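Q: Pasting a structure below so you can have a look.
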Amino acid sequence: MTGAAPPHGPRVERLAVSVYRVPTDLPGGDATLSWDATTLVLVEAGAEDRTGIGFTYGSPAAASVVERELAGLVVGHDAFAVPAANDRMSRALRNAGRPGIAAGAVSAVDTALWDLKARLLDLPLVRLLGAAREEVAVYGSGGLTPYDDAQLERQLRGWGEQGIDRVKIKVAESWGRREARDLRRVALTRRTVGDAAEVYVDANGGYTRKQAVRMASAMAGSGVGWLEEPVSSDDLTGLRMVRDAVLPDVAAGEYGYDLPYLTRMAASGAVDCLQADVTRCGGVTVWLRAAAVAEGLGLHISGHCAPHLHAHVAAAVPNTRHLEWFHDHVRVENLLFHGTLDPGGGTVSPGASGEPGHGLTLDRAAADRFRTA
Ligand SMILES: [Mg+2]
């Protein structure tokens, strides 16, 4: 093959990391975990006079991984060759252990590099990736198990007032030991949002296999259309068994820290819709590949949490179903960043403002109040 070598971009000159801990506005909890704060680990990658940002939600230890394991691999790297940087980071973590905290760190750096490249080229990220759609549907996500009825209703009505007609609540409270309360909260949700809205539930792996099938049947009168992690995501056989036995779509994938995990889940017939989290799976680079794996198997993909980091990638693939407008993360992203999106009417339009990159910039004065490292 002849011809000129592909053009290189400028070199990545800076990589900075910081940590923010934002207390929740309401008590946080689902089937198998409770929380009172959300931690965001932020990466800023700089070249020339531009800065790209990426982040991951999770342990502040991800910041140490960025500083100690990744920064030295990325600074000096071609800012246009993001998949090469991703590959370099992933390979370097072999003995440190790539899944989990390290994958969150890689995801934050990868996303910052994609954002940096788009800003260097003065393009919205979705235009750099190539748009497959103008709008991405969102669903309101929250309905956490510690909420009382008034808190749940208020949250559901808030989404309704924004025109968001898909909502998700948590079930399988206390590892599936509060079945009656689960059913009552699902029925309350349906009554609150009306017949036309889509109602989803997320069990966070809290039910057993047969219990999940029985509960799906008991929720049928409330018209539940989406059953997320009815059993542990590690139980692919159980997920498939539940999927084959219930009417709602079964979804999972939020703990996918690499492409082989997401491929195994999708290829095993365990889900109707593959969820992937751009802040965990390896960033923009790997999320796009996961979407292609899902597409090849005839499956939809949905963005898990971190809504503003999913908007552009979700608009760049044809098989996106929606992204998760998760209450806790929407609140954090609105607190820490300028340039957040409007989900009015139940969709977001990434790139419509013409802002380069994913459009978020850190509100340093606001963010400093929550900074821990
Ligand atoms: Mg979930």
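Read the figures in this text as sums done on the coordinates, not as results from a lab. All of these numbers come straight from a predicted model, not from anything done at the bench. Neighbour counts run over all protein chains shown; Cβ positions are idealised from the backbone, glycine included.
Q: For the stretch 132-354, just run the numbers: alpha carbon Rg, then divide by 2.2 N^0.38 Å, N being how many residues it has. The partial results should precede the final answer.
A: Numbers: Rg = 16.5 Å, N = 223, 2.2 N^0.38 = 17.2 Å.
Rg over 2.2 N^0.38 Å, computed on Cα atoms: 0.96.
Q: Which of Ile169, Ile53, Ile301 moves most in a GNM of the chain, Cα contacts under 10 Å?
A: Maximum fluctuation in the GNM of the chain, among the listed residues, is at Ile169.
Q: Could the peptides 140-148, 292-300, 263-271, 198-206 be put in order, highest first, of the mean number of other beta-carbon atoms found within 10 Å of their residues?
A: On the way: 140-148: 22.2, 292-300: 17.7, 263-271: 19.6, 198-206: 24.9.
Ranked by mean Cβ neighbours within 10 Å, highest first: 198-206, 140-148, 263-271, 292-300.
Q: From a point 7 Å beyond the Cα of Asp368 in the direction of its Cβ, which residues of the stretch 325-341 have a backbone N at a distance under 17 Å?
A: Hits in the stretch 325-341 for Asp368 at 17 Å: 336-338.
Q: Points 7 angstrom from Cα along the Cβ direction at Ser174 and Trp35: gap in nanometres?
A: It works out to 2.3 nm between the two label points.
Q: When the scattering of the stretch 148-232 is computed by the Debye formula from its Cα atoms alone, each counted once and equally, what is log10 I(q)/I(0) at q = 0.13, 0.18, 0.19, 0.27 Å⁻¹?
A: Relative scattering, expressed as log10 I(q)/I(0), comes to -0.37, -0.70, -0.77, -1.38.
Q: Helix 327-336 versus the longest principal axis of the chain: what is the Cα-based angle in degrees, 0 to 90, to the nearest 10?
A: For 327-336 against the chain, the angle is about 30 degrees.
Q: Please give the helix 101-120 orientation as an angle from the longest Cα principal axis of the chain, in degrees from 0 to 90, rounded to the nearest 10.
A: 60 degrees
Q: What per residue convex hull volume, in Å³, do the alpha-carbon atoms of the stretch 14-125 yield?
A: On the way: hull volume 13.3 nm³, N = 112.
For the stretch 14-125, the hull spanned by Cα atoms encloses 119 Å³ per residue.
Q: For the stretch 78-135 and the stretch 278-329, write down the distance between their C-alpha centroids in whole Å.
A: Result: 14 Å between the Cα centres.
Q: Can you give me the relative contact order of the stretch 132-354 as a percent, contacts being Cα pairs under 8 Å and 6 or more apart? Display every interim value, and only then the final one.
A: Numbers: 460 pairs, mean separation 49.5, N = 223.
Computed value for the stretch 132-354: 22 percent relative contact order.
Q: Something else: Need one number: convex hull volume per residue for the chain, Cα atoms only, in Å³.
A: Working: hull volume 51.0 nm³, N = 373.
So the per-residue Cα hull volume is 137 Å³.
Q: Charges on Cβ only, +1 for Lys and Arg, -1 for Asp and Glu, centred on the Cα centroid of the chain; of Thr347, Asn86, Val271, which one is farthest towards the dipole's positive end?
A: Val271
Q: I need two numbers for the stretch 254-338: Rg to one decimal and Dmax as a whole number, Cα atoms only, in Å.
A: Both quantities, over Cα of the stretch 254-338: 12.4, 41 Å.
Q: Against the longest principal axis of the chain, how steep is helix 82-92, in degrees 0 to 90 to the nearest 10, with axes from Cα atoms?
A: Compared with the principal axis, the helix lies near 80 degrees.
Q: For the ranges 358-365, 77-84, what's the packing order if you count other beta-carbon atoms within 10 Å of each residue, average per peptide, and put the highest first?
A: Working: 358-365: 17.6, 77-84: 19.1.
Result, highest mean first: 77-84, 358-365.
Q: Is there a quick way to get the dipole size of the stretch 287-362? I mean about its Cα centre, with the Cβ of Lys and Arg at +1 and of Asp and Glu at -1; what is the value in debye to the nearest 20?
A: Details: 3 positive and 6 negative charges, 30 e Å.
With only Lys, Arg, Asp and Glu charged at Cβ, the dipole is about 140 debye.
Q: From the helices alone, meaning DSSP H stretches of at least four residues, give me the mean residue ellipticity at 222 nm for the chain, per-run term -39500 (n - 2.57), in deg cm²/dmol to the nearest 500.
A: Values: 15 runs with 142 residues, N = 373.
After summing the helix terms and dividing by residue count, I get -11000 deg cm²/dmol.
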